[in-house]
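**Student:** Below is a structure I'd like to ask you about.
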Amino acid sequence: MIRVDHLEKRFGKKVAIQDITLSLEQGVYGLLGPNGAGKTTLMRTILGLYKPDGGQVQWDEADARGSGFSFGYLPQQFMSFEELTVQETLAYFATLKKIPKLERDDEIARCLKLVRLTGEAKKKMGALSGGMIRRIGIAQALLGNPSVVFFDEPTAGLDPEERMNFKMCIAEIKKRATVLISTHIVSDVEGICDHILILNSGRLVAAGTRKEIEEIARGKVWVVPAEARGKNEDGHWHLINVYEQDGQEWMRVLSDEKLVESEPAQPHVEDGYFCCIKGIGGERK
Ligand SMILES: Nc1ncnc2c1ncn2[C@@H]1O[C@H](COP(=O)(O)OP(=O)(O)OP(=O)(O)O)[C@@H](O)[C@H]1O
Ligand SMILES: [Mg+2]
């Protein structure tokens, strides 16, 4: 278990994260927030890559001392040496992770299979596409079967099939690991996360199960014919989606008050997220 207590990190005068208190146990956590919310900073401060300016991070001593303890990290900007092959790149990370030499090749093969790049092992990193490099980044995070894995925007640049494959990988490891996944695309984490954490302007504005995040938006989600837009210009509402149904264009919006010509709709996780970010529904800002 990881306990985060009143954590703060500043860059000069800029407060990147402040007063973050949470705990991470076994399971999958989705870390959601818009650009600049502090997701990367929070991950790096928990992992000890940044020294906190306030508060603390405590790793469960039993975990940290146990022989099976290790962690994996996919940075938002995963860099690699262009001249190394895929196999050599993963061997390099396996060495850093102190995976015994005898197990190294099998472990690399296992992780390459997970990201479906077995056939590219001999290719140079410089010859891979952006999405493939991202998948090698995922593979290196999984090397050694770590009990804690942080992925910073793992699905950025992945095509729909590979997004789905990533979800399958997570479903496989969640039974034995603590996994934290940052993203600003709610649908990427919606199906796989047990818990959701929402960051905005460096603060943790909501934390809960998917159901609990949905409930934040209960009574605030409306569908309105797009043509009724003009009649609702004065209201405080946030547009979630525009779609066509039955030959008509509809808007899905969040609002504290019922809009002219609107009908209530069932809340989704994304609605709860936007309520937190856009300050719909009370004090959240
Ligand atoms: N090394 C740094 N030096 C100065 N400011 C930084 C640094 N890293 C982050 N920041 C600032 O801290 C805030 C949080 O940044 P962070 O990268 O953690 O956000 P994020 O939620 O990961 O955003 P994104 O979705 O764009 O990746 C931003 O205002 C950013 O400009
Ligand atoms: Mg980031």
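**Student:** Suppose R0 equals 51 Å; then what is the FRET efficiency for Glu172 and Asp53 from their Cβ-Cβ distance, rounded to the nearest 0.05? Could you put the intermediate results ahead of the total?
**Tutor:** Details: r = 37 Å, r/R0 = 0.72.
For Glu172 and Asp53, the calculated efficiency is 0.85.
**Student:** Roughly what angle does helix 269-278 make with the longest principal axis of the chain, taking Cα atoms, 0 to 90 degrees, to the nearest 10?
**Tutor:** Tilt relative to the chain: about 70 degrees.
**Student:** Moving on. With axes computed from alpha carbons, what is the tilt in degrees of helix 160-173 against the longest principal axis of the chain, rounded to the nearest 10 within 0 to 90?
**Tutor:** 70
**Student:** If you take the Cα atoms of the chain, find Rg, then find the Kirkwood Rh from the mean of 1/r over all pairs, what is Rg/Rh?
**Tutor:** Details: Rg = 21.2 Å, Rh = 20.6 Å.
Answer for the chain: 1.03.
**Student:** Test of understanding: extend the Cα→C-beta vector of Lys97 to 7 Å, then name every residue of region 141-159 with backbone N under 15 Å from that spot.
**Tutor:** 141-152
**Student:** Also, quick follow-up: Specify the inter-centroid distance of region 192-253 and region 80-124, based on alpha-carbon positions, in whole Å.
**Tutor:** Spelled out, the Cα-based centre of one part sits 42 Å from the other.
**Student:** Going by alpha carbons, how many degrees (0 to 90, nearest 10) lie between the helix axis of 101-114 and the longest principal axis of the chain?
**Tutor:** 30
**Student:** Could you compute the longest span of the chain free of GluC sites (Glu not before Pro) located in DSSP loops and having at most 16 other Cβ atoms within 10 Å, not counting the site residues? Walk me through the numbers on the way to the answer.
**Tutor:** Numbers: sites that count: Glu25, Glu82, Glu83, Glu233, Glu257, Glu261, Glu283.
Between exposed loop sites, the widest span is 84-232.
**Student:** How high is the relative contact order of the chain, in percent, with contacts defined as C-alpha pairs under 8 Å that are six or more residues apart?
**Tutor:** 20
Read-outs throughout are calculated quantities, based only on the coordinates presented, and are distinct from any laboratory measurement. These figures come from a predicted structure and were not determined experimentally. Note: ideal-geometry Cβ built from the backbone for every residue, glycine included; neighbour counts use all protein chains shown.
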